[in-house]
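*Asks:* Have a look at the structure that comes next, please.
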Amino acid sequence: MQISGAIPLIRIFCEDKAREFYVDFLGFSIDWEHRFGDNFPLYQQARRGDLVVHLTGHHGDATPGSTLFVPVVGIVALCEELNARDYAFAKPGIQEMDWGKVMEIADPFGNRIRFCEQD
């Protein structure tokens with residue numbers, strides 16, 4: 001038996017804002033997109049390194065306001081990279097916590113990505 005890593009589903013409400021945040025700001029690439037037909041919500045897979053997420057406009061797929069915990073190595077470099085993009089809606093910083101360095105960023109839909117480099 002083999003159990004693979006989970007792929008979180010993230011609820012989105014605007015495709016343009018999702019692309020601006022996940023692709024332009026966070027640096028994800030889009031692996032594939034799917035729609036059941038014209039005027040149907042988008043469902044797509046986005047990836048950055050080993051992190052894979054599904055962005056979905058479908059009502060029943062996911063709950064807005066969720067948090068993803070993402071282990072990283074090199075959180076300072078990631079923070080510097082993101083801040084260099086000068087995204088108007090997020091200026092991330094790093095917090096020192098008992099369990100490591102944490103950088104939390106909210107997407108335009110109320111979901112949070114909590115990047116953590118553990119000591």
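*Asks:* Got a number for residues in region 89-119 being within 23 Å of Glu15 (Cα to Cα) and either of a type in the set (D, E, K, R) or at pLDDT below 95 (or both)?
*Replies:* Result for region 89-119: 5.
*Asks:* Could you tell me which numbered condition Asn39 fails, if it satisfies all but one of (1) in contact with a Cys (Cβ under 8 Å, 6 or more places away or on another chain); (2) surrounded by fewer than 11 Cβ atoms within 10 Å (Cβ to Cβ)?
*Replies:* (1)
*Asks:* Only one residue in Ile3, Ile12, Ile7 is more than 12 Å from the chain's Cα centre (by Cα) and more than 19 Å from Glu117 (Cβ to Cβ). Which one? Please lay out each step first, then the result.
*Replies:* Details: Ile12 fails: more than 12 Å from the chain's Cα centre (by Cα); Ile7 fails: more than 12 Å from the chain's Cα centre (by Cα).
None of the others qualify; the one that does is Ile3.
*Asks:* Considering each residue of region 71-89, count those that are in contact (Cβ under 8 Å) with a residue 24 or more places away in the chain and either more than 19 Å from Phe109 (Cα to Cα) or surrounded by fewer than 18 Cβ atoms within 10 Å (Cβ to Cβ) (or both), and give that number.
*Replies:* We begin by selecting, within region 71-89, every residue in contact (Cβ under 8 Å) with a residue 24 or more places away in the chain; these are 71-76, 78-79, 81-82, 85, 87, 89.
Filter once more, keeping what is either more than 19 Å from Phe109 (Cα to Cα) or surrounded by fewer than 18 Cβ atoms within 10 Å (Cβ to Cβ) (or both): 71-76, 78-79, 81, 85, 87, 89.
Residues that pass the stated criteria total 12.
*Asks:* Right, here's the next one. Within region 98-107, identify whether any single residue is within 14 Å of the chain's Cα centre (by Cα) and in a helix (DSSP H, G or I), and answer yes or no.
*Replies:* The first filter runs over region 98-107 and keeps only residues within 14 Å of the chain's Cα centre (by Cα), leaving 103-107.
The next check asks that each one be in a helix (DSSP H, G or I); those that pass are none.
No: zero hits.
*Asks:* Okay, moving on. Using the structure shown, decide if Gly60 is surrounded by 11 or more Cβ atoms within 10 Å (Cβ to Cβ) and under 30 Å from Phe36 (Cβ atoms). I'd like the intermediate steps shown before the answer.
*Replies:* On the way: surrounded by 11 or more Cβ atoms within 10 Å (Cβ to Cβ): no; under 30 Å from Phe36 (Cβ atoms): yes.
So Gly60 fails the test.
*Asks:* Can you work out which of the residues in region 15-35 that are hydrophobic (A, V, I, L, M, F, W, C) and either modelled with pLDDT under 95 or in contact with a Lys or Arg (Cβ under 9 Å, 6 or more places away or on another chain) (or both) is surrounded by the fewest Cβ atoms within 10 Å (Cβ to Cβ)?
*Replies:* Start the filter on region 15-35 by keeping residues that are hydrophobic (A, V, I, L, M, F, W, C), which leaves 18, 21, 23, 25-26, 28, 30, 32.
Now restrict to residues that are either modelled with pLDDT under 95 or in contact with a Lys or Arg (Cβ under 9 Å, 6 or more places away or on another chain) (or both): 25-26, 28, 30.
Working: Phe25: 19, Leu26: 22, Phe28: 22, Ile30: 13.
Residue satisfying both the conditions and the ranking: Ile30.
*Asks:* With respect to Ser66, determine if the residue is surrounded by fewer than 12 Cβ atoms within 10 Å (Cβ to Cβ), in contact (Cβ under 8 Å) with a residue 12 or more places away in the chain and not β-branched (Val, Ile, Thr). Before the answer, list the steps.
*Replies:* Details: surrounded by fewer than 12 Cβ atoms within 10 Å (Cβ to Cβ): no; in contact (Cβ under 8 Å) with a residue 12 or more places away in the chain: yes; not β-branched (Val, Ile, Thr): yes.
For Ser66, the condition - surrounded by fewer than 12 Cβ atoms within 10 Å (Cβ to Cβ), in contact (Cβ under 8 Å) with a residue 12 or more places away in the chain and not β-branched (Val, Ile, Thr) - is not met.
*Asks:* Is it the case that some residue within region 74-81 is in a strand (DSSP E or B) and either acidic (Asp, Glu) or within 15 Å of the chain's Cα centre (by Cα) (or both)? Lay out the reasoning, then the answer.
*Replies:* Of region 74-81, the ones in a strand (DSSP E or B) are none.
No, that holds for no residue.
*Asks:* Here's a follow-up. Quick one: in region 41-57, which of the residues that are assigned to a loop (DSSP other than H, G, I, E, B) and at negative phi is farthest from the chain's Cα centre (by Cα)? If you could, list the steps in order and put the result at the bottom.
*Replies:* Taking region 41-57 and keeping what is assigned to a loop (DSSP other than H, G, I, E, B), we get 41-42, 49-50, 57.
If we keep only those that are at negative phi too, we end up with 41-42, 50, 57.
Details: Pro41: 19, Leu42: 16, Asp50: 12, Gly57: 15 Å.
The residue in question is Pro41.
*Asks:* Of the residues in region 58-73, how many are charged (D, E, K, R) and outside any loop (DSSP other than H, G, I, E, B)?
*Replies:* First, the residues of region 58-73 that are charged (D, E, K, R): 61.
Filter again for outside any loop (DSSP other than H, G, I, E, B), leaving none.
Residues meeting the conditions: 0.
The values are calculated or read from the model by the stated rules, or taken from the named source; none is laboratory data. Bear in mind that the values here come from a model prediction, so they are computed numbers and not experimental data. Neighbour counts run over all protein chains shown; Cβ positions are idealised from the backbone, glycine included.
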